[in-house]
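Participant: This is the structure I want to talk about, given as structure tokens.
The values are calculated or read from the model by the stated rules, or taken from the named source; none is laboratory data. This one's a predicted model, so the numbers in the text were calculated from it and none came from an experiment. Note that we place each Cβ from the backbone using ideal geometry, even for glycine, and neighbour counts take in every protein chain shown.
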Number of protein chains: 2
Amino acid sequence: MTEKGDCRAGHVDVALIHYPVYNKNQEIIGSAVTNLDIHDIARAGRTFGIRNFYIVTPYQDQQRLVGEIVGHWQDGYGARYNADRKEALASVVICDDLQSLYALATADGPRPLVAATSARQQARTITFSAMRERIEQGSRVLLLFGTGWGLAEEALTGVDLMLPPIGGQGDYRHLSVRSAVAIVLDRLLGIG
Amino acid sequence: MTEKGDCRAGHVDVALIHYPVYNKNQEIIGSAVTNLDIHDIARAGRTFGIRNFYIVTPYQDQQRLVGEIVGHWQDGYGARYNADRKEALASVVICDDLQSLYALATADGPRPLVAATSARQQARTITFSAMRERIEQGSRVLLLFGTGWGLAEEALTGVDLMLPPIGGQGDYRHLSVRSAVAIVLDRLLGIG
């Protein structure tokens, strides 16, 4: 776990947002942190070279839980048991809300390009290949992912660009956020 | 849950193998089924249009567990709570071992091309784009994914082709199997 990032140019950060997100009935809620989200996204992040993995939740007990999980793998038994996991979880940064997220993300350099994914088609959409090109040209990018049934509309005010919904031939769009993050990072940063 | 698939040509099946796989010390073990593997892979499978999602485990108690989880979302409260999840989990087929897997996969048509992924570089490797082309040309493909620390060497005897390790710039190769499946399906069947 780090307090804040360094100031390299051309990198990607990921933020997993637990508030404000929608529930199944399109009501705005704060979702609970899921243990496997932390692990899977940290591992995918480390695989594709992201810098910071922000976990955004306003709830103190949830923040404490994240701290305990990360601590176990950073300093506790987990660190000795699985060094790969320790390495992945080093990217985790806990964060209260979107405001603090943007403050952290601009603390050490210019404002990153903020992009979000959505299972719904949105305005301001950029293609994956155009975004990949921007990253290759040195843009700093902060990717927001919503838990629950997706980012609430009000969370999109700070977003510059939307990435298109991910899918195949059909119109089923119900990936887990873990799968969505993995695919987005692969599309933007994957090789082979 | 279905007993076996239909006989359309040009489709992809996914098999999640719990035995024989390696543990951390390269010993062959049978791994426990993980609830979120079932959900995440079924949802990714449905998103990218796979036909069957085989869950391969020799253990009766694990098979029962999978049956109960799928049953909850197919016929129980879950089916009413979340119809999207019901739809995704309809692809699940429980299977004892690799032998029964291959028997099921050839029950209704010609033998599929069997491909596996590995975090280790292997011989008989096909690129993702070449495999994608084969699928587009109508090949039936069965993708094997190992849980734990990956498919044991002996599980690779029935495999025709290996897909390359997934990664970015660095050499960290420790994605969760959920993330790996999502990325492989996107690379082979994704649009956009």
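Participant: Quick check on my filter: what residues within the stretch A:169-182 are part of a loop (DSSP other than H, G, I, E, B) and either touching a residue at least 12 places away in the same chain (Cβ under 8 Å) or in contact with a helix residue (DSSP H, G or I) (Cβ under 8 Å, 6 or more places away or on another chain) (or both)? Steps first, answer last, please.
Facilitator: Let us first name the residues in the stretch A:169-182 that are part of a loop (DSSP other than H, G, I, E, B), namely A:169-176.
Passing the criteria: A:Gln169, A:Gly170, A:Tyr172, A:Arg173, A:His174, A:Leu175, A:Ser176.
Participant: For the stretch A:137-147, indicate whether the set of residues that are in contact with a helix residue (DSSP H, G or I) (Cβ under 8 Å, 6 or more places away or on another chain) and surrounded by fewer than 19 Cβ atoms within 10 Å (Cβ to Cβ) is non-empty.
Facilitator: No, because not a single residue in the stretch A:137-147 is in contact with a helix residue (DSSP H, G or I) (Cβ under 8 Å, 6 or more places away or on another chain) and surrounded by fewer than 19 Cβ atoms within 10 Å (Cβ to Cβ).
Participant: Just wondering, is there one or more residues in the stretch B:146-157 that are within 29 Å of A:Glu136 (Cβ to Cβ), within 14 Å of chain A (Cβ to nearest Cβ) and not basic (Lys, Arg)?
Facilitator: Our first condition is that a residue be within 29 Å of A:Glu136 (Cβ to Cβ); within the stretch B:146-157, this holds for none.
Checked against the condition, which is being within 29 Å of A:Glu136 (Cβ to Cβ), within 14 Å of chain A (Cβ to nearest Cβ) and not basic (Lys, Arg), the stretch B:146-157 yields no hits at all.
Participant: Hey, can you tell me all the residues within the stretch B:47-80 that are within 13 Å of the chain's Cα centre (by Cα) and among the polar types (S, T, N, Q)?
Facilitator: Correct list: B:Asn52, B:Thr57.
Participant: So which of A:Leu185, A:Leu104, A:Leu189, A:Leu89 ends up being touching a residue at least 60 places away in the same chain (Cβ under 8 Å), surrounded by 18 or more Cβ atoms within 10 Å (Cβ to Cβ), more than 14 Å from every other protein chain (Cβ to nearest Cβ) and hydrophobic (A, V, I, L, M, F, W, C)?
Facilitator: Numbers: A:Leu185 fails: more than 14 Å from every other protein chain (Cβ to nearest Cβ); A:Leu189 fails: more than 14 Å from every other protein chain (Cβ to nearest Cβ); A:Leu89 fails: more than 14 Å from every other protein chain (Cβ to nearest Cβ).
Just a single option satisfies the conditions, and that option is A:Leu104.
Participant: Can you name the strands (runs of 3 or more DSSP E) wholly within the stretch B:110-168 that have at least 1 residues being at pLDDT below 95 and hydroxyl-bearing (Ser, Thr, Tyr)?
Facilitator: Details: elements: B:113-117, B:141-146, B:161-163.
Once the strands (runs of 3 or more DSSP E) in the stretch B:110-168 are filtered for at least 1 residues that are at pLDDT below 95 and hydroxyl-bearing (Ser, Thr, Tyr), what remains is B:113-117.
Participant: Then there's this: For the stretch A:40-61, what are the residues that are assigned to a helix (DSSP H, G or I) and over 23 Å from B:Asp40 (Cα atoms)?
Facilitator: Narrowing the stretch A:40-61 to residues assigned to a helix (DSSP H, G or I): A:40-48, A:60-61.
Residues satisfying the conditions are A:Gln60, A:Asp61.
Participant: Within the stretch A:107-136, restricting attention to residues that are of a type in the set (Lys, Arg) and more than 12 Å from A:Gly158 (Cα to Cα), which residue is surrounded by the most Cβ atoms within 10 Å (Cβ to Cβ)? Steps first, please.
Facilitator: Looking only at the stretch A:107-136, we keep the residues that are of a type in the set (Lys, Arg), and these are A:111, A:120, A:124, A:132, A:134.
Right, trim to more than 12 Å from A:Gly158 (Cα to Cα) and you get A:120, A:124, A:132, A:134.
Numbers: A:Arg120: 9, A:Arg124: 11, A:Arg132: 16, A:Arg134: 18.
So the residue we want is A:Arg134.
Participant: With of a type in the set (A, V, I, L, M), more than 17 Å from B:Thr57 (Cβ to Cβ) and over 19 Å from the mean Cα position of the chain (by Cα) as the only criterion, which of B:Ala88, B:Ala107, B:Ala83, B:Ala115 stands out? Lay out the reasoning, then the answer.
Facilitator: Values: B:Ala88 fails: over 19 Å from the mean Cα position of the chain (by Cα); B:Ala107 fails: over 19 Å from the mean Cα position of the chain (by Cα); B:Ala115 fails: over 19 Å from the mean Cα position of the chain (by Cα).
Of the residues listed, the single one that is of a type in the set (A, V, I, L, M), more than 17 Å from B:Thr57 (Cβ to Cβ) and over 19 Å from the mean Cα position of the chain (by Cα) is B:Ala83.
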